[in-house]
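Have a look at the structure below before the remarks.
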């Protein structure tokens, strides 16, 4: 439905309603449910500002329910994975020796029938948020004014045409430390594209009012299916806490014994709480069984504990999470679902998890992360079970939750360490770090950040470099950044961090010189190429000069590579340079020289920010002037 706007005419009367033109965009999200929910959060923000958006969403059939249950997504295109892939798998199973006789015509025909509606008419914008090589082929064939994410060039080579996609490919997918949440990246990329290709929002306030307040359109009677010994969901005296057992991957799962002990501790100390166990599969059933056995063993079997393992579809699952006061979970999609629905999360972030990119989004969520590195994390062994998860005990999880749940009373005027002491659990956090999420103010850079709530834990170099990389990305792709080192507290600085900063300082200076030389050489190539009378015919002297400059640029590239081998913390610079150079477009030497100079210029900007951060952080350790009442007078009479 078009949005109707009224605008005053020159004589003060109101003109007839005019409808804003529809803007058709297509979002491809073929990853898992967590990625789908983060994509929907970004789209929701855009829909509020641009109510004229006609949003089409491509999802795998297993994870499409979240998009289906929204009223503001105009159409969900479900990829029939089974229909397209199962014939191949079935044939290979029955004929493992002779795969050459697969009926490819039939398979291609099925795929073509599904793709046909997507290519029927051009899109204004296409966003491939799957960020996989396979999905780039779909993006490549779609007609669109502009494309973002992974796609294909005319010569079928892989391409990432925009800056944030460069960043995802070069930094996030290479698992370099950085602190920008994926939801913030997607939202910024989307809103920037809309500003460039559609224009600024016409009326921000009206845009928000025109959208329904609910994120999902869920059946009202979902929770009526739950009956549990007279305890109803509408009872205001009961607090429901959801345990999402298991995780997106077994390596990211907390151990069963800890879940059981946590349940006992909560129900023993908080008689107003009920627990609901959620999940699916054999592993989660075994964990739920152990929890119930542990509760019976401790005489808590009469308390309200409801197990709905393998019993929830998406509407019921979302309704339960929306009704809960808290959700305890590992790294899985419920973290993002709770974020969408406004339910606070205790995120037990164990295993190969990057909470700063995919943690709970919003204010007041709590994240626990081991502060030890196990053999699996270090890459020494290839086992699926991370022993570092034992660093997060059920006592620490309980203490973290009870501290967050009682914020209304202590208003964080009591430190987390004092809270542990009050519970008789001093030192229980020795092997883990605890963070609280916060949405920054606009003048602080915006987006979500995770602030440590432990006053005694020092800032690690990896965390410091993650902040710097995030600052660099904002300078590259947002054009505006907060103050350097604004979130760095001098009380968090350690002698180890300062030592590491002094070590890397000289390498950053070298990086800056390499980047500046790369920029100058690229600009020289551009100037030399522009002097030639023809791009196809040039004098031997001109050709020789350009070849010499190209060889020099190649040597500069090798210098950058050697520097990064010596200082791996600077690897994002090499990665982003490789990605951007791969995505140069054009056939003329002068044009390629100009684009290459822009790549090196971006590295110059990033190098300078690194240097500013090092200088600002080291300056925090310098002695400060102390005000007092003791004054002296020099012999010349001047008071000091």
For this session: Return the FRET efficiency for the residue pair residue 235, residue 544: r is the Cβ-Cβ distance, R0 is 60 Å, and the value is rounded to the nearest 0.05.
Result: 0.10
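Could you work out the relative contact order of the range 393-466? I mean the mean sequence separation of Cα pairs under 8 Å and 6+ apart, divided by the number of residues, in percent.
Dividing the mean separation by the residue count of the range 393-466 yields 26 percent.
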Seminar exercise, completed: For residue 363 and residue 451, extending 7 Å from Cα along the Cα-Cβ vector and measuring point to point gives, in nm, a value of 1.1
Exercise. For the residue pair residue 588 and residue 158, what label-to-label distance in nm results when each label sits 7 Å from Cα along the Cα-to-beta-carbon direction?
Worked result: 3.1
Seminar exercise, completed: A correct Stokes-Einstein calculation for the range 498-619, using the alpha-carbon Kirkwood radius, 10 °C and 1.306 mPa s, returns a whole-number D in µm² s⁻¹ of 103
Exercise. Of the listed peptides 502-511, 582-591, 121-130, what is their order by residue-averaged count of other C-beta atoms within 10 Å, with the highest listed first?
Worked result: 121-130, 502-511, 582-591
Problem set entry | Cα-projected label distance for residue 440 with residue 283, points at 7 Å along beta-carbon direction, nm | 3.4
Exercise. Which of the peptides 66-72, 218-224 is most tightly packed, and how do the rest follow, judged by the mean count of other Cβ atoms within 10 Å per residue?
Worked result: 66-72, 218-224
Exercise. In what sequence do 293, 272 fall when counting other Cβ within 10 Å, fewest first?
Worked result: 272, 293
Problem set entry | Relative contact order (%) - criterion: Cα under 8 Å, at least six apart; region: the range 498-619 | 45
Problem set entry | Computed FRET value (nearest 0.05) for residue 486 with residue 22, which takes r as the C-beta separation and R₀ as 56 Å | 0.85
Problem set entry | Spin-label zone in the range 329-369 - amide nitrogen under 17 Å from a point set 7 Å from the Cα of residue 431 along the C-beta vector | 348-352, 368-369
Problem set entry | Extension gain, residue 116 back to residue 502 (0.36 nm per residue minus Cα-Cα distance, nm) | 133.1 nm
Problem set entry | Peptides ranked, highest mean first, by Cβ atoms within 10 Å: ranges 518-531, 348-361, 315-328 | 348-361, 315-328, 518-531
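Bear in mind these aren't lab numbers, they're just calculated from the coordinates by the rules spelled out. Bear in mind the structure is a predicted one, so any value in this text is a computation, not a measurement. No Cβ is skipped: glycine too gets one built from the backbone with ideal geometry, and neighbour counts run over all protein chains shown.
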